[in-house]
Each structure stands twice: as structure tokens, then as C-alpha cells.
Amino acid sequence: MEWFNILRARLRALFRRERVLRDIEEELRIHVEMETETNIKRGMAPDEARAAALKRFGNLSRKTELGYDIRGGGWLETLWQDLRYGARALLKRPIFTLAIILTLALGIGANTAIFSVFNGIVLKPLPYKDPDRLVYVWKTERRGMAYQAGDHSDFGSISPGAFHDWRERSRSFGQMTAYRANSTILSSGDLTMYVVTIRAADYSQRSRRRWRPRDCTA
Amino acid sequence: MTQPKADLLQGTLDLLILKALSLGPLHGYGIIQRLRQLSDELLEVEQGSLYPAVYRIEHRGWINSKWGVTETGRRAKFYKLTKAGSKQLTAEEESWDRLALAIAKVRKAV
């Protein structure tokens with residue numbers, strides 16, 4: 001409960017600083033007045049009585065500050081002052097501020113974009129059963145044997161016959177399938193679409209998945 | 001006023017304030033007066049250091065405050081012991097008694 005009481009007091013002081021200060025001031029002033037009266041009753045002259053009371057109490061404004069340290073806005077007030085100071089300083093230099101905002105926006109945007117891709121490709125498991133056991137098998141071409149001009153990829157395609165042999169003879173894989181991907185550009189009027197189709201060969205199940213076409217207007 | 005005063009041990013001010021208020025609500029000046037009376041004029045709480053301690057205790061929820069009017073018709077802020085404060089007072093009194101007993105035993109050792 002203590003932290004709640006303190007937070008409530010700090011918040012109150014934040015919006016009613018003057019009121020809290022006046023409350024403390026008044027309380028301390030009354031204290032000094034009571035002491036003054038006691039001194040007068042003991043036989044002192046009023047001036048002397050008040051001076052003695054003040055001396056005994058110590059510096060009133062200093063004590064008020066001490067009280068405000070506890071009852072006031074504390075760190076919350078400091079934070080609020082810092083925020084206001086920061087806002088004022090930024091408003092005074094709009095170009096500098098704009099540059100900062102743009103830098104941050106671009107930085108955060110780029111980070112988000114890169115992370116989305118990284119998350120999709122690396123972090124998120126593939127939407128299949130046992131994704132950690134999925135492997136990609138391919139044939140490597142001997143150097144200079146690429147059968148298609150400009151195809152220097154190591155991920156060589158295989159013939160249906162070779163795939164059949166792999167499937168029948170290999171003992172390391174639970175299941176094996178081959179796929180063939182085609183990309184086509186469809187156009188109709190002023191709408192042009194790039195369409196990728198993938199056909200997977202599986203003896204038990206023929207599946208055909210169509211990637212979401214990307215629209216592009218040309 | 002030539003009588004020597006007892007020095008206030010650190011941490012005992014809270015206990016004294018709670019004890020003074022356990023006998024009934026008081027304003028700040030009244031707390032000092034009551035402690036002076038109860039200690040047969042031996043204890044004189046420093047006036048300036050009373051209020052920070054009182055505010056801290058109020059934050060802890062052991063006392064609460066309300067502006068009111070004194071018997072002489074003067075406006076003053078009165079402090080009152082809460083239920084939690086009364087529990088705290090018991091705990092601090094027990095802890096103080098243990099400490100006093102321990103120190104007495106050590107002092108009497110031969």
C-alpha cells in the first residue's frame with residue numbers, strides 16, 4: 001500500500017503543486033505561531049517570542065522544501081519537467097526535430113520490415129508436420145555440364161526416371177516428392193499478373209498449390 | 001532548561017510519533033508537547049525534523065491527516081493513528097523492548 005499512497009501523493013502534487021506547498025507552508029506557519037503563543041505565555045514580549053519560535057524551528061522555507069521533497073511530485077515531477085523541457089527544446093528547432101523523427105521512423109520501419117522477413121523465413125517453423133526433419137534434395141551438375149544456358153545453379157533438376165530411382169532405392173527418407181514450378185505472365189487489357197504455379201508429384205496424393213498472384217500494372 | 005536532554009536514537013522518532021498519536025489525534029505542535037510531557041521533559045523532538053518524519057509515516061499509511069480546529073479555535077492539521085499504524089506501533093514497541101533488554105544484558109555483563 002505504501003507505494004500506492006506515495007504514487008497518489010506524487011500525482012496529486014504534480015497537478016496541484018501550489019496547493020501541496022501551501023498546505024505544508026500553512027502547517028509549519030501555524031506551528032511557529034503556537035510556539036510564539038507559548039513563549040508569550042512564558043512572559044516574553046511578542047516580537048521576542050516570535051523571533052525565538054522562528055529560531056527554534058529553523059529556516060521556514062527550507063523546511064517547507066524538505067517537506068515537499070517527501071510530499072511533492074518527487075521523481076515524477078522531475079520526469080514531467082524533463083519532458084516539458086524536451087518538448088520545448090524540440091519545438092524551437094523544427095528542422096532538427098523533423099530530421100530526428102524521420103530517422104527514427106525510417107529506422108523503426110526498416111527494422112520491422114527486415115524482422116518480418118527474417119521471422120517468416122528463419123524463425124517461424126514451416127507449416128508442416130516435423131518441420132525440423134524436412135530436407136531439400138537436389139542433384140549437383142558437374143562443372144560445365146549445366147544443360148541450360150546460364151544455369152549455374154547447384155540446385156539441379158532431375159529427370160522423372162532419376163526421381164523414381166531415388167524414391168525407390170534411398171533408405172534415409174520417410175517420404176519423397178518432386179515438384180515443378182512454372183511462372184507465367186498473364187495479361188488482359190491493362191492488367192498484367194505474374195503467376196507462379198507449383199505442382200508436386202506424389203504417388204499417394206497429387207496436390208497443386210497456387211501461389212498468390214502478384215498484381216502489377218504495366 | 002538546564003536539565004540534560006536525552007538524545008534521540010535514530011529510528012525511534014517513528015515509534016514516538018505513533019505512540020503519541022495512539023493516545024488521541026494531535027497536530028504537529030501537539031505531538032512535540034505530548035512527547036515532552038510523557039517523557040517528564042526529558043525528550044525534546046527537534047521541531048524541524050518532526051514534519052518530514054510525520055509526512056513519511058503518513059505515506060506509509062500508519063497515520064492520516066485532516067484539517068480541523070483546536071480547542072482555542074485555531075485552524076490546524078490533525079494527525080490520527082490508523083489501524084495499520086496501531087499494528088505498526090505494537091511491532092515497533094516489541095522490537096524496542098527486545099533491543100533495550102539486549103543492551104541492558106550486555107551492559108550488566110561482568
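The values are calculated or read from the model by the stated rules, or taken from the named source; none is laboratory data. The model shown is predicted, which means the values in this text are computed figures rather than measured ones. Here the Cβ positions follow ideal geometry from the backbone for every residue, glycine too, while neighbour counts run over all protein chains shown.
Which of the helices (runs of 4 or more DSSP H) found entirely inside the stretch A:6-94 contain at least 3 residues meeting this: more than 12 Å from every other protein chain (Cβ to nearest Cβ), of a type outside the set (Val, Ile, Thr) and more than 20 Å from B:Val45 (Cβ to Cβ)?
A:17-41, A:46-57, A:74-92
Which condition number does A:Glu27 fail, the rest of (1) touching a strand residue (DSSP E or B) at 6+ places or on another chain (Cβ under 7 Å); (2) farther than 30 Å from B:Ala84 by Cα being met?
All conditions are met except number (2).
How many residues are under 26 Å from A:Lys129 (Cβ atoms) and either assigned to a strand (DSSP E or B) or modelled with pLDDT under 75 (or both) if we restrict to the stretch A:158-188?
Final tally of qualifying residues: 4.
If you check B:Leu21 against the conditions, is it over 23 Å from A:Gly74 (Cβ atoms), among the aliphatic types (A, V, I, L, M), in contact with a Gly (Cβ under 8 Å, 6 or more places away or on another chain) and more than 14 Å from chain A (Cβ to nearest Cβ)?
Here the answer is yes, as B:Leu21 does meet what is asked.
Given the criteria at the interface with another protein chain (Cβ under 10 Å from one of its Cβ atoms) and surrounded by fewer than 21 Cβ atoms within 10 Å (Cβ to Cβ), does B:Gly28 qualify?
So B:Gly28 fails the test.
Just to be sure, is B:Leu16 assigned to a loop (DSSP other than H, G, I, E, B), under 25 Å from A:Asn59 (Cα atoms) and in contact with a helix residue (DSSP H, G or I) (Cβ under 8 Å, 6 or more places away or on another chain)?
no
Out of all the residues in the stretch A:32-43, is one or more of a type in the set (Lys, Arg), under 24 Å from B:Gly68 (Cβ atoms) and at pLDDT 90 or above?
Among the residues of the stretch A:32-43, at least one is of a type in the set (Lys, Arg), under 24 Å from B:Gly68 (Cβ atoms) and at pLDDT 90 or above, which makes the answer yes.
Is it true that A:Leu54 is under 25 Å from the mean Cα position of the chain (by Cα), of a type outside the set (Lys, Arg), more than 30 Å from A:Ser172 (Cβ to Cβ) and at pLDDT 85 or above?
no
Within the group A:Glu48, A:Glu35, A:Glu27, which residue is crowded, with 16+ Cβ neighbours inside 10 Å and farther than 17 Å from B:Val54 by Cα?
So the residue among A:Glu48, A:Glu35, A:Glu27 that is crowded, with 16+ Cβ neighbours inside 10 Å and farther than 17 Å from B:Val54 by Cα is A:Glu35.
Checking the conditions here, which among A:Ile108, A:Ile121, A:Ile114, A:Ile101 is aliphatic (A, V, I, L, M), assigned to a helix (DSSP H, G or I), loosely packed, with under 10 Cβ neighbours inside 10 Å and away from every other protein chain (no Cβ under 14 Å)?
Only one candidate qualifies: A:Ile121.
Of the numbered conditions (1) in a helix (DSSP H, G or I); (2) of a type in the set (Lys, Arg); (3) farther than 27 Å from A:Arg62 by Cβ, B:Lys80 fails exactly one; give the number of that condition.
Tallying (1) in a helix (DSSP H, G or I); (2) of a type in the set (Lys, Arg); (3) farther than 27 Å from A:Arg62 by Cβ, B:Lys80 fails exactly one: (1).
Which of the following residues is out of contact with any helix residue (DSSP H, G or I) (no Cβ under 8 Å at 6 or more places or on another chain) and either buried (at least 17 other Cβ atoms within 10 Å of the Cβ) or within 12 Å of chain A (Cβ to nearest Cβ) (or both): B:Arg60, B:Arg36, B:Arg75, B:Arg98?
B:Arg36
If I filter the stretch B:42-52 for residues that are more than 9 Å from chain A (Cβ to nearest Cβ), under 12 Å from the mean Cα position of the chain (by Cα) and at pLDDT 90 or above, do I get at least one hit?
Checked the stretch B:42-52: no residue is more than 9 Å from chain A (Cβ to nearest Cβ), under 12 Å from the mean Cα position of the chain (by Cα) and at pLDDT 90 or above.
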